[in-house]
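Visitor: Sharing a structure below in structure tokens format, with a few things to ask.
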Amino acid sequence: MMRIRFVLAFALTLLAMPSFASASSVTGTGISLYQPGSGTPVSQVVAGSAGGLLVSFTVSTQTDPGDAVVLTAPEGGLFNSALSDSNVNFMTNATVDPSSYSSSQVVGITNGGRTISMQVPNSISVAPGQQLVLRLTMYQQLITFGTVAGPNTMEVHTSKDVDPVNTPSFTIVPGAPDSVVALDGTQRGVHDQNFDPMHVGVEDEFGNLIPNQEVTATVPASGASGIFPGSQSSATVDTGSSGSGLLPIVKANGVLGEWDLALEGPGGLESSYEMTNLAHGDPDSVDVTLTPSSVPADGSSKTTAVATVTDQFGNPIPDEDVSFSSDGGQQIGAVTDNGDGTYEAQLTASTTSGASTITATDNSPHGDASGSATLTQTPLPASTIKLVLTPSSVPADGKSTVTGQAVVHDALGNAVTGAQIKFTSTGGQKIAAVKNAGQGVYTVAITSSKTAGASTITASVVGASPALSAKATLTQTKAAVVKPVLRFLKPPRKTVRTAKVKFRFKAVKGKAVSFQCRLDKKKWTRCKSPKVVKIKRGRHVFSVRGVATDGSYGKPIKRRIKRV
């Protein structure tokens, strides 16, 4: 390696005191970088360059005898040869005799990898109010001057400092191109779909990205491969100021298998980028169908559930771990992988009617998809019906009511909630609309007729095959008859002068379906209130009676009257 002159110039200010200070520190330190022999300031260096720089710095320090001043190179920099004190010279400021000190008074100049350390001798002393200026000239070669590209510094401190003092920032720039690289890792594509965006770059030997480089990517001419836009087989990009270039979107050519995307950089640098064209991607959705989607809730009927697992592009995915579940208590059989992305299982109905959700879930490590379908379990046909009348006996008065209650179950004893029930009667009773009370119970209001005797009430399940009905007997008892009791309303005076006399009357107890009147001992004739009779002079008796609901007569009421 070539020898580079490395000059360190620094000034140590030592306070002349009877005894030395007990602490040391560096303050007011300035460090500048120069090209050797030119005095030109340096703001950047090449990563890993095997050269040196002129480092000029001034230190004001309070130090103990035997303390050391240490210079540290940037990350990756390394000093590689020992130093001697033969290059050490002393100078003093205007008030100090330059010849008062010799180079042998500075001892312990050592090299420690990234650091150079110079020990201040115990023999140096400075008169009060004076400064000692030390200039050290030495030859030093660096193996490298830092390998990490980017802003950087050098550091200087005393051996007892805790915080080093840094140079102004300078930049380490990437070295010469060493490799062309892919920055996104291995990619997996699906059939003829697009791969994810891909970045490429050129690096130096230390892995620093080099800006403004051209990289060409080329796909294989046959077999599993990819296609650039415009059906091109290659594309060239510039890495720009960031050192990272974005290739145009690559589309898988539909041939399954692995292939290499070839990369070519400056100076013939080459590498490859591993790609894979897959038959499918990760599970994205699960579609569930049920055949049939509706079965009787009989505990034995079957339906076949089929789950189709697809990726984000709609491609079916075989060989997944798929399971089925239900929230309706159905029994689920073993799952069969049909090898084409479909998975099926047979379900056995429960005995509860209603809607159930059947769910298929992909349990594979790379899967997180599920889907569902609705299974409807219909009630079984009505198998039994019972009829109860409450009460079972009422007066035949045309107004008493009876509640008819029909209870309907299927063959498994489950309530049939959706049946249509019809009530009929043999006795002329009035039957209201049927009400569905739930839980297989159907009720109806029955109003009695006016005919005493036994009637048959029948409850039938409409549309049942074979016919299904239940019967109950309704007894209508003869209604008790209350004979009407009448009363005159404002009867005429007992003595009158006119021939025509008006009588008003009404039933005050019981029910009178009609009235009969007579004057004196004449025949009873049908009449109504008010009744006007014509009488001769003399004494007379007006009588009226009510006709009961059974045709019998109530006790007559009479009014005696005299015409003068």
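Visitor: From the alpha carbon gyration tensor of region 392-536, can you work out the equivalent ellipsoid semi-axes (sqrt of 5 times each eigenvalue) and give them in Å, largest to smallest?
Guide: 56, 13, 11
Visitor: Moving on. Counting only protein chains, not ligands or nucleic acids, how are R518, R537 ordered by accessible area (probe 1.4 Å), most first?
Guide: From most exposed to least exposed: R537, R518.
Visitor: Then there is this: Among G257, A221, S231, flag the residue with its Cα farthest along the positive direction of the charge dipole of region 217-285, charges on Cβ as +1 for Lys/Arg and -1 for Asp/Glu.
Guide: In region 217-285, that residue is S231.
Visitor: Using the Karplus curve 6.51 cos²θ - 1.76 cosθ + 1.60 with θ = phi - 60°, what ³J(HN,Hα) values do you get for each residue of region 373-382, in whole Hz, with x for Gly and Pro?
Guide: Those phi angles translate into 9, 9, 9, 9, 9, 7, x, 6, x, 4 Hz.
Visitor: Right, another one. In the calculated pair distance distribution of region 319-371, what percentage of Cα-Cα distances lie above 16 Å?
Guide: Here the tail beyond 16 Å accounts for 45 percent of pairs.
Visitor: Accessible area of region 192-244 with a 1.4 Å probe: how many percent of it is carbon plus sulfur?
Guide: About 41 percent, which is the carbon plus sulfur part of the accessible surface.
Visitor: Follow-up question, since we're still on this one. Please work out how much length the chain gains when fully extended from S242 to S293, using 0.36 nm per residue of separation minus the C-alpha to C-alpha distance, in nm with one decimal.
Guide: 12.4 nm
Visitor: Further question on the same structure: Starting from 0.36 nm per residue, how many nanometres of slack lie between T525 and S300 once their C-alpha separation is accounted for?
Guide: In short, 73.1 nm is gained.
Visitor: Further question: May I ask for the net charge around Q330, where only other residues with Cβ less than 14 Å from the Cβ of Q330 are counted and Lys, Arg are +1 while Asp, Glu are -1?
Guide: Net local charge, Q330 excluded: -1.
Visitor: What translational D, rounded to a whole number of µm²/s, comes out for region 213-356 from Stokes-Einstein when the hydrodynamic radius is the Kirkwood one over Cα pairs, at 10 °C and 1.306 mPa s?
Guide: The calculation lands on 83 µm²/s.
Visitor: Around P174, with a cut-off of 14 angstrom between Cβ atoms, what is the net charge of the other residues, counting Lys and Arg +1 and Asp and Glu -1? It would help to have the intermediate numbers written out before the result.
Guide: Working: positive: none; negative: D178, E203, D204, E205.
That works out to -4.
Visitor: Excluding ligands, DNA and RNA, what is the solvent-accessible area per residue of region 283-389 at a probe of 1.4 Å, expressed in Å²?
Guide: Here the residues of region 283-389 average 47 Å² of exposed surface.
Visitor: Note down the magnitude of the dipole of region 474-552 about its Cα centre, charges +1 on Lys and Arg C-beta and -1 on Asp and Glu C-beta and zero elsewhere, to the nearest 20 debye.
Guide: The calculated dipole for region 474-552 is roughly 640 debye.
Visitor: Given the Cα-Cα distance of A432 and K471 and 0.36 nm per residue of separation, how much length would full extension add, in nm? Kindly include the intermediate steps, with their values, before the conclusion.
Guide: Values: separation 39, 0.36 × 39 = 14.04 nm, distance 1.73 nm.
Gain on extension, A432 to K471, equals 12.3 nm.
Visitor: To continue, here is another question. Summing Lys, Arg as +1 and Asp, Glu as -1, what charge do residues with Cβ under 14 Å from the Cβ of L474 carry, L474 excluded?
Guide: Residues near L474 contribute +2 overall.
Visitor: Still on this structure: Charges at C-beta only: +1 for Lys and Arg, -1 for Asp and Glu. How large is the resulting dipole of region 155-299 about its Cα centre, in Debye rounded to 20? Could the numbers behind the result be given before it?
Guide: Values: 3 positive and 21 negative charges, 54 e Å.
Using only the charged Cβ atoms, the result is roughly 260 debye.
Visitor: With the alpha-carbon atoms as the only input, what is the per residue convex hull volume for region 244-289 in Å³?
Guide: 124 Å³
Visitor: Debye sum, Cα scatterers, region 169-234, no solvent: what log₁₀ I/I(0) at q = 0.12, 0.13, 0.23 1/Å?
Guide: With one equal scatterer per Cα and no solvent, log10 I(q)/I(0) is -0.44, -0.50, -1.06.
Visitor: Another question, then. If you take the Cα atoms of region 291-416, find Rg, then find the Kirkwood Rh from the mean of 1/r over all pairs, what is Rg/Rh?
Guide: 1.32
Visitor: Rounded to the nearest 10 Å², what accessible area does C517 have for a 1.4 Å probe in the complete protein model?
Guide: 0 Å²
Visitor: Whole-Hz ³J(HN,Hα) for each residue in region 463-472, computed from phi via Karplus 6.51 cos²θ - 1.76 cosθ + 1.60 with θ = phi - 60°, x for glycine and proline: what do you get?
Guide: In residue order, the calculated couplings are x, 5, 9, x, 4, 9, 8, 9, 10, 8 Hz.
Visitor: What does the charge dipole of region 291-424 about its Cα centre add up to, to the nearest 20 debye, if the Cβ of each Lys and Arg holds +1 and the Cβ of each Asp and Glu holds -1?
Guide: I would put it at about 1280 debye.
Visitor: List the residues whose amide H sits under 5 Å from the amide H of A382, counting only those 5 or more places along or on another chain, with H placed 1.01 Å from N in the peptide plane.
Guide: none
Visitor: If you roll a 1.4 Å probe over region 250-368 with all protein chains in place, what percent of the accessible area is carbon or sulfur?
Guide: About 43 percent, which is the carbon plus sulfur part of the accessible surface.
The values are calculated or read from the model by the stated rules, or taken from the named source; none is laboratory data. Quick caveat, the model's predicted, so the values are computed rather than measured. Here the Cβ is made from the backbone with ideal geometry for all residues, glycine too, and neighbour counts use every protein chain on show. For accessibility, only protein heavy atoms count, side chains too; no ligands or nucleic acids. Shrake-Rupley method; radii C 1.70, N 1.55, O 1.52, S 1.80 Å.
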